[in-house]
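Take a look at the structure below.
Every number here is computed from the coordinates shown, using simple stated rules; none is lab data. From a predicted model like this one, the values you see are computed outputs, not experimental measurements. For neighbour counting, all protein chains shown are included, and Cβ atoms are generated from backbone atoms with ideal geometry for every residue, glycine included.
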Amino acid sequence: MPRHFLRDDDLSPREQKQVLQLALALADDRFARRPLEGPRTVAVLFDKASTRTRVSFATGIAELGGNPLVLDAGSSQLGRGESIADTTRVLTRQVSAIVWRTFGQGRIEEMARYASVPVVNALTDEFHPCQILADLMTIAQHTGGLAAGDGALEGRSMAYLGDGSNNMAHSYLLGGVTAGMDVRIAAPASHLPATPVVRDAEAIAQQTGGSVTITDDPAHAVEAADAVITDTWVSMGQETESGRGGETFAPFAVTESLMARSGGIFLHCLPAYRGKEVEAAVIDGPSSVVWDEAENRLHAQKALLTWLLEHPDAATAPHAR
Ligand code: CP
Ligand code: NVA
């Protein structure tokens with residue numbers, strides 16, 4: 001059975017640390033590992049738009065010695081209704097891993113059931129776990145660093161403000177507590193994280209010493225937080241939904257005064273909408289680490305692919321079954 005990465009908690013706390021330490025090492029020595037030498041091909045499929053994920057996987061696969069095969073839904077038969085099962089059966093006989101950005105989480109879980117090579121979630125409606133690996137790496141770099149030894153992220157805090165019901169909020173919950181962090185989500189009552197995800201995060205936090213706070217008070221959430229984070233109020237696919245503007249989310253916008261309460265760094269997965277979820281003075285200001293964060297997608301995903309290819313026999317993570 002291959003190892004898949006469909007949700008943040010598909011890596012155990014120990015495994016996540018191994019991936020993050022490799023990511024930090026690859027940031028220092030970019031061409032140190034060549035697990036895709038051959039070249040072996042990795043398919044990178046997009047059912048939704050992407051800039052960072054597309055560029056970082058294509059670049060990273062090439063830097064690992066491999067051949068990136070980047071396909072959009074519109075240029076493959078998947079986009080014309082060929083089934084996930086049949087598409088996967090074809091890909092899995094030819095490529096060494098499959099990376100997919102798609103809609104419902106059930107779609108990528110279905111792909112994993114038919115794949116004999118690792119399947120990686122490059123964003124679904126529910127989770128964006130590759131982004132969180134890059135974000136944890138960025139927090140480690142700016143707050144002491146995992147390279148200094150085990151546990152550098154344990155006890156650190158992140159406050160995410162805005163749409164608590166989206167893929168980023170869910171992934172911060174699961175990925176953050178896996179790292180032993182104190183994860184605070186400040187969101188309006190209409191857009192809270194899914195209860196099963198909160199329960200899973202609380203269970204992981206019990207093991208790692210992390211914690212979960214869900215609040216509607218942004219000032220409380222950011223108090224002394226090591227990292228303050230937000231995301232767009234309108235995720236891909238939600239463009240026509242009502243109630244996704246300032247009338248719902250304005251109190252959760254990241255402002256200079258909230259950043260002053262935190263004293264921490266600012267992260268945003270991007271693309272960002274200045275004047276909506278974040279003030280321009282914050283994202284373009286001294287506490288912002290968003291360009292490091294965007295670069296770290298490359299290092300984190302190279303580390304993840306390397307780790308998955310090197311650990312085919314490791315116990316299969318629960319969500320990939
Ligand atoms: N952060 C992120 O995943 O960006 P893209 O949508 O541009 O890939
Ligand atoms: N929540 C956003 C993240 C984009 C990287 C979306 O799904 O559109």
- [ ] Give the Kirkwood hydrodynamic radius (Å, one decimal) of the stretch 69-126, defined as one over the mean of 1/r across all pairs of different Cα atoms.
- [x] 11.4 Å
Task: Compactness of the chain - radius of gyration and Dmax, Cα, Å - done: 18.6, 54
TODO: Just name one of M168, L298, G155: the one whose Cα is farthest towards the positive end of the charge dipole of the chain (beta-carbon charges, Lys/Arg +1, Asp/Glu -1).
DONE: L298
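What value, in deg cm²/dmol to 500, does the helix sum -39500 (n - 2.57) over DSSP H runs of n ≥ 4 give at 222 nm once divided by the residues of the chain?
Values: 12 runs with 128 residues, N = 321.
Value at 222 nm, helices only: -12000 deg cm²/dmol.
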TODO: Return the Cα extents of the stretch 146-228 along principal axes one, two and three, sorted largest first, each rounded to a whole Å.
DONE: 40, 26, 18
Task: Euclidean distance of C-alpha centroids, the stretch 1-72 and the stretch 167-191, integer Å - done: 23 Å
- [ ] First obtain the Kirkwood hydrodynamic radius of the stretch 130-293 from its Cα pairs, then insert it into the Stokes-Einstein equation at 20 °C and 1.002 mPa s, and state the resulting D in µm² per second as a whole number.
- [x] 138 µm²/s
Task: Using alpha-carbon coordinates, inclination of helix 290-310 to the longest axis of the chain, degrees - done: 40 degrees
- [ ] Can you run the Rg to Rh ratio on the stretch 2-122? Use alpha carbon positions and the Kirkwood inverse-distance Rh.
- [x] 0.96
